[in-house]
Each structure stands twice: as structure tokens, then as C-alpha cells.
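To start, the structure under review is shown below, and the notes come after it.
The values are calculated or read from the model by the stated rules, or taken from the named source; none is laboratory data. Since the structure is predicted, the reported quantities are computational estimates derived from the model, not experimental observations. Cβ placement follows ideal geometry from the backbone for every residue including glycine, while neighbour counts extend to all protein chains displayed.
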Amino acid sequence: MQILTIVGARPQFVKAAVVSRAIGAYNSKAGVDTVKETIIHTGQHYDYNMSDVFFDEMEIPRPAVNLSVGSGNHGEMTGSMLAAIEREMIERKPDITLVYGDTNSTMAGALAAVKLHIPVAHVEAGLRSFNRAMPEEINRVVTDHVSTILFCPSDSSASQLAREGITSGVHVVGDVMYDAVIHYGEKAAVIKVDSPFALCTIHRAENTDDMTRFNGILEGLSRSPVQIFLALHPRTRAVVEKNGVKWPSNVIVHEPFSYFNMLGYLKACSFVITDSGGLQKEAYFFGKKCVTVRDETEWTELVEAGANRVAGTEPDRIAEAIEWAANGGLGSRGQIYGKGNAGELIVNTLAALGES
Ligand code: UD1
């Protein structure tokens, strides 16, 4: 069985690391390389600290090719990826294409494959924010509806697919990001900070491209009783520089964190403030409350579990949610995202397909 994995943006490297490792384990157990994987990097993320550092730290097999698509408008970026991925697929003739999450690289990989009648397996299927202004929501919907195999992180994501009429090929396997935290957790950087702090990331287009929302978030952050360590995404850096934005005095800005640094900060922080999807879950895995500075979340289980508050971008609501989060971590937690063996379940399912 020949798998062609398409990655391109930071969160996909973390997810693909888990499945690549599980493929290695599957082949070692079988004593023969039954499952062969080739990785294609679209080049959507290209800075060292947004891409290569993840391959280095997590020992992800090097991509066979980097398509160097880079940044651009959504149509231009997705179109360039589509054309370049298609060429690779025609040449490599994979049995199946594996895509992750909800980025433009995900959708381009899925579309290129189905047009060539290559089945698509989507890891992190069934997530919905129901906000179609988000590019990620369009990418999720399109990818799920052209996929043959849908790997869901939770029961609720599988139920959502059923509501959209997708019931065949659906497998609830848990969240590969939970596997990653379990496997790489001991490699977390040791972060020593004298006083309590919150960990923060802001990068969503809907927040960075709307200064009313962005300034609302900054005002909310300024009211935090503890200092805030913010890992600065290049998109946010560009917006801050262009608009001459001044960070509140309690916000300490860092370069984007490597995965092991991120794990270290997650361990050491008191709570998390973010508009990222992945970090909302990672906060939960580390027993930390999360303030989500968006109007909705696709990770609704976290809100239902009392672990996450969707605070929007109004300063008063953010300040109120921060007060709640600063008031202690999470107690005992259920395994809403599986048992930490999602990678193994995914590879077993794919390998069984190869045999059928
Ligand atoms: C993308 C994903 C988002 C994901 C995020 C993780 C889409 C639509 N969005 O958003 O879902 O949460 O990745 O980080 O696919 N840039 C650099 N260096 C890089 C990468 C980006 O400087 O290595 C800058 C460029 O100026 C670029 C901007 O960041 O224009 C935005 O990058 P882009 O890949 O378009 O989207 P992200 O905001 O990273």
C-alpha cells in the first residue's frame, strides 16, 4: 500500500508525525514495509520555525518534495498547490492520499486526489465551526465531502458527518494530537518562570485582519492579572508592524515556539488564551483552562466539559473569561479525544484497506 501524505502548514506536521511513527511501528511489527509513505510538503509554511524545526524535533521523515508554493491569496495559493500536487500524483500513482486538518494544503491535496480517482483519507474529519467566513471551515467541508475514509477525533465529529449524510468510511479513532502529547511529552523543554503566566497565540485571519477585533483582544489581554507569554505568528507580526500596534505592557512577545518549547510552555503556564484550534485541545491535555478569543469553536466538547470559554473579542468578556481561567486548573478529565492510540488505529485501518 502506497500512501501519499500531503502537508504544508505547522499543525499538520505535528499530526503527520504521529501517523508516520505509527507506520514505522506497523512495518517493524510486520517485519516488512507493507505500508509505504511518501510525504509531499506544499511549502505553505516555509520559515524554519514554522516548518523545518518540527521535522527535526519530531523526527518526521523528510518530504520527497517541497512544492514551495508559499503565501498568496487563497485562490492563488490553493490553485498553485492543486496543479503541483496533481503532477506529483500522476507521476507517483499512490493507492491513497492522506490529508490532515483544515488548511488550504488539506483541501488542495484532497481535490487533486479525487480528480484523479485516488481515494482520500482525512484525519480530523467532521469538525465544524459553522462559520463559513473562515477559510478553514470551507476547507473542512469540501475535504470531508470528497473523502473516502474519514478519521474522526471524537463521537460528536462523527455525528456531525452523519447529519451531513456521510456515514460510510467513518472511523472514530481519537485525536492524533493527544498521541503526540503522550509520546513527546517527556521531551518538553524545561521552562522556568518565577511568577504565574498565561500562554497565548493569536493568528486567525478573522482576528488579525480586523483591527476592531484585534484591538479588542489586546485590551482584554491587558486586563490579565498575570503576565502573558505570546508566541507571535508571522501573520500577526506583519499586522502589528503595518499598523504600528503597541503590545500591552503585560504581554511578552516570543518568536513562534518549536513543538518541544510549546509543550514546555503548556506544562508551565497557568492557563491558555488562543484562537488556535490545536492549542485549545493541548490546553485540555495538560489540564489547563482555555480562553478562546473567537466567536465559536469547532471543539465544542471542550466547552461542554467546562474546560474552554468562548470569549469573543470584546475586552470585558475576555477579562471575565481570564478571571475564570486564572482561578485554578482543570481537575480530573475524561478521555474525550480517545486513548492516545489514534495513529495506530489509523494505520491499521489503512493497511486493512490495502489487503482488501
Ligand atoms: C494557516 C491555516 C490555519 C492554521 C495556520 C497555522 C489556511 C487557510 N490557514 O494559517 O488554519 O491554523 O496555518 O499556523 O490554510 N508566513 C510567513 N512564514 C511562514 C508562513 C506564513 O511569514 O512560514 C506569513 C506570510 O506572510 C503569510 C501569512 O504568514 O501571508 C499567513 O500564512 P498562511 O499560510 O496564509 O496562513 P496562516 O495564517 O499561517
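Could you figure out which of (1) in contact (Cβ under 8 Å) with a residue 60 or more places away in the chain; (2) over 25 Å from Gly264 (Cα atoms); (3) touching a Leu at 6+ places or on another chain (Cβ under 8 Å) isn't true of Ile202?
If we test Ile202 against (1) in contact (Cβ under 8 Å) with a residue 60 or more places away in the chain; (2) over 25 Å from Gly264 (Cα atoms); (3) touching a Leu at 6+ places or on another chain (Cβ under 8 Å), just (2) comes out false.
So, Glu137, is that one more than 23 Å from Val18 (Cβ to Cβ) and modelled with pLDDT of 95 or more or not?
Here the answer is yes, as Glu137 does meet what is asked.
Residue-by-condition table, conditions (1) within 18 Å of Val142 (Cβ to Cβ); (2) out of contact with any strand residue (DSSP E or B) (no Cβ under 7 Å at 6 or more places or on another chain):
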residue: Ala16; (1), (2): no, no
residue: Tyr26; (1), (2): no, yes
residue: His41; (1), (2): no, no
residue: Asp56; (1), (2): no, yes
residue: Ser68; (1), (2): no, yes
residue: Ser71; (1), (2): no, yes
residue: Ala83; (1), (2): yes, yes
residue: Ala110; (1), (2): yes, no
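Exactly one of these conditions fails for Glu344: (1) touching a residue at least 60 places away in the same chain (Cβ under 8 Å); (2) among the acidic types (Asp, Glu); (3) over 21 Å from Gly174 (Cα atoms). Give me its number.
(3)
Counting just the residues of segment 5-51 that are more than 10 Å from the ligand (Cβ to nearest atom) and among the charged types (D, E, K, R), which one comes out surrounded by the most Cβ atoms within 10 Å (Cβ to Cβ)?
Applying the filter and picking the extreme gives Lys15.
Hand me the list of helices (runs of 4 or more DSSP H) wholly inside segment 128-243 holding 3 or more residues that are within 13 Å of the ligand (Cβ to nearest atom).
Ranges flagged: 135-146, 205-208, 234-243.
Determine whether Ile228 is touching a Leu at 6+ places or on another chain (Cβ under 9 Å), over 19 Å from Pro11 (Cβ atoms) and surrounded by 15 or more Cβ atoms within 10 Å (Cβ to Cβ).
yes
With the checklist (1) in contact with a helix residue (DSSP H, G or I) (Cβ under 9 Å, 6 or more places away or on another chain); (2) surrounded by fewer than 13 Cβ atoms within 10 Å (Cβ to Cβ) in hand, flag the one item Gly75 doesn't pass.
(1)
I'd like the residue in segment 289-332 that is out of contact with any Leu (no Cβ under 7 Å at 6 or more places or on another chain) and basic (Lys, Arg) and, out of all such residues, is farthest from Val226 (Cα to Cα).
That would be Arg294.
What's the number of the condition Asp295 fails, among (1) more than 21 Å from Phe130 (Cβ to Cβ); (2) surrounded by fewer than 19 Cβ atoms within 10 Å (Cβ to Cβ)?
All conditions pass for Asp295, except number (1).
List pairs: first residue in segment 138-152 and closer than 13 Å to Ile96 by Cβ, second residue part of a helix (DSSP H, G or I) and of a type in the set (Ser, Thr, Tyr) anywhere in the structure, Cβ distance under 8 angstrom, at least six positions apart or on different chains.
Filtered contacts from segment 138-152: Ile149/Thr349; Phe151/Thr349.
In segment 105-116, which residues are surrounded by 24 or more Cβ atoms within 10 Å (Cβ to Cβ) and either over 13 Å from Glu86 (Cα atoms) or touching an Asp or Glu at 6+ places or on another chain (Cβ under 8 Å) (or both)?
Of segment 105-116, the ones surrounded by 24 or more Cβ atoms within 10 Å (Cβ to Cβ) are 105-110, 112-113.
Passing the criteria: Thr106, Ala112.
If we scan segment 117-125, do we find a residue that is surrounded by fewer than 24 Cβ atoms within 10 Å (Cβ to Cβ), within 16 Å of the ligand (Cβ to nearest atom) and not β-branched (Val, Ile, Thr)?
Of the residues in segment 117-125, the ones surrounded by fewer than 24 Cβ atoms within 10 Å (Cβ to Cβ) are 117-119.
Filter once more, keeping what is within 16 Å of the ligand (Cβ to nearest atom): none.
For segment 117-125, residues surrounded by fewer than 24 Cβ atoms within 10 Å (Cβ to Cβ), within 16 Å of the ligand (Cβ to nearest atom) and not β-branched (Val, Ile, Thr): absent.
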